Amino acid sequence: MPEIENAPNNALFGKYELGKLLGCGAFAKVFHARNVRTGQSVAIKVINKKKIAGTSLMSNIKREISIMRKLNHPNIVKLYEVLASKTKIYFVLELIKGGELFAKIAKGRFTEDLSRKYFQQLISAVGFCHSRGIFHRDLKPENLLLDENGNLKISDFGLSAVKEQIRPDGLLHTLCGTPAYVAPEILTKRGYDGAMVDVWSCGVVLYVLNAGYLPFNDPNLMAMYKKIYKGEYRCPKWFSSDLRRFLSRLLDTNPEKRITIDEMMRDPWFKKGYKEVNFYE
Ligand code: ADP
Ligand code: MG
């Protein structure tokens, strides 16, 4: 990895040509780009160094980057390289062309079979990361992309730990979108297990895929937190009994009783048609 602190003025110069804006997050802007030498299309995520200046985040970012570069899984967006200039950090990423899963759900809920396919791909990727000590902590449909073949890809895995720490500065907090995916044990602020927090968020995603709306929702934020804390949600009538049972194991408010990823693999709802993915380290 290049030196992030003592970087040149223009890191991209000559290597990549930036194109149109693909998306905006709370934390960064993502552009279409082209590798000038090979012609390969990529996505480049641009982070302003000012936003992380004066914090200890730089060392976290470096650690997460070194782990992410080693993650090779068909359902995780690949990080090709990281470049830096005096003012910016650039993540050169695999370009994913099918847009956000969120945009697709906004057009209508999915069938149980399609939801299962996306959910299996999500869990395959999340389990892969957990086994390597990486926790996403910000799993939600906005961070799940679809490729041109309709396969799910988790975007910016690992960097969310960093994002969470940025939030307290107030500025980014307000932009960070819905807290609807947060696990009850996070609300009590007593420390939490990263794996179980991801399992909870996956439970919320599973509900959203099948329902087309959130399980815990309220215009009043405190009222929404109360519902999450109590695990108060209702399943729409079209949810099958197997799905209801499986979901209740993910949205268990007690992280010690909540289903683990290993246990999911043996669940009848989950394992229907599940194909173990082949990936290379
Ligand atoms: P943030 O960390 O600020 O939330 P994201 O990594 O989620 O930023 O990126 C913001 C948006 O940019 C995404 O929601 C998506 O629409 C788009 N995007 C991110 N990564 C890619 C990618 N690899 N290929 C295509 N679009 C992407
Ligand atoms: Mg995002």
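Just so it is clear, none of the values below were taken in a lab; they were calculated from the coordinates. Owing to the predicted nature of the structure, the values given are computational and were not obtained by experimental measurement. Note: ideal-geometry Cβ built from the backbone for every residue, glycine included; neighbour counts use all protein chains shown.
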According to a simple spin-label model (label point 7 Å from Cα along Cα-to-Cβ), what is the distance in nm between ASN35 and ALA103?
-> 2.5 nm
Under 18 Å from the Cα of LYS275, which aspartates and glutamates turn up, not counting those fewer than eight places away in the same chain?
-> GLU112, ASP113, ASP262, GLU263, ASP267
Using the number of other C-beta atoms within 10 angstrom as an exposure proxy, rank THR188, THR87 with the fewest first.
-> THR188, THR87
How would you classify region 188-281 from its alpha-carbon gyration tensor, with a ≥ b ≥ c the square roots of the eigenvalues: rounded for a/c under 1.5, else prolate if a/b is greater than b/c, otherwise oblate?
-> oblate
Please list, in chain and number order, the residues 5+ apart from GLY99 or on another chain whose amide H is under 5 Å from its amide H, with Hs placed from the backbone.
-> LEU146
Too-long pairs where the Cα-Cα distance tops 32 Å, listed order kept, from LYS45/LYS237; LYS29/LYS237; LYS15/LYS97; LYS49/LYS257 | LYS45/LYS237; LYS29/LYS237; LYS49/LYS257
Determine the shape class of region 85-156: with a ≥ b ≥ c the square roots of the Cα gyration tensor eigenvalues, call it rounded for a/c under 1.5, and otherwise prolate if a/b is greater than b/c, oblate otherwise.
-> oblate
The set of residues whose placed amide H lies less than 5 Å from the amide H of ALA84, leaving out same-chain residues fewer than 5 positions away, is TYR90
Quick calc: nm separation of the 7 Å Cα→Cβ label points for ARG69 and ASN220 -> 5.0 nm
Amide proton proximity set for GLY25, modelled H, under 5 Å, gap of 5+ | VAL30
How long is the gain from ASP193 to ASN151 if the chain were fully straight, where each residue apart is worth 0.36 nm and the alpha carbon distance is subtracted?
-> 12.3 nm
Spatially proximal aspartates and glutamates relative to LYS50 (Cα-Cα < 15 Å; intrachain offsets below 8 disregarded) | GLU5, ASP169
